[in-house]
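Read the structure below first, then the notes.
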């Protein structure tokens, strides 16, 4: 028997205004987006009346597929290539000894 995990699909939503906006989401939640910034919402949230109104007016725009931040950042998500002090992994002691 094969079990498949459901992938949580998210939609990118972009603020097309020149002012920061607060997008109302289901469950009393809000998504704050600065001018030209992008966030992620569930596809179900796009059906929420208050958000649907903003989509119709053109204040926000959606794109399918979720974020591709790894590609935008050169494929290095969460990697730090700076100098490594203390490469042995031992922690520095502090306090009374």
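Any idea what Rg and Dmax come out to for segment 11-63 if you just take the C-alpha atoms, in Å?
According to the Cα coordinates of segment 11-63, Rg and Dmax are 9.7, 27 Å.
Using 0.36 nm times the number of residues separating residue 55 and residue 16, minus their current alpha carbon distance, what extension gain do you get? Mind showing how you got there, number by number?
Working: separation 39, 0.36 × 39 = 14.04 nm, distance 1.02 nm.
Residue separation times 0.36 nm, minus the Cα-Cα distance, leaves 13.0 nm.
The numbers here are math on the coordinates, done by the rules we state, and not lab data. Because the structure is predicted, anything quoted here is derived from the model rather than measured.
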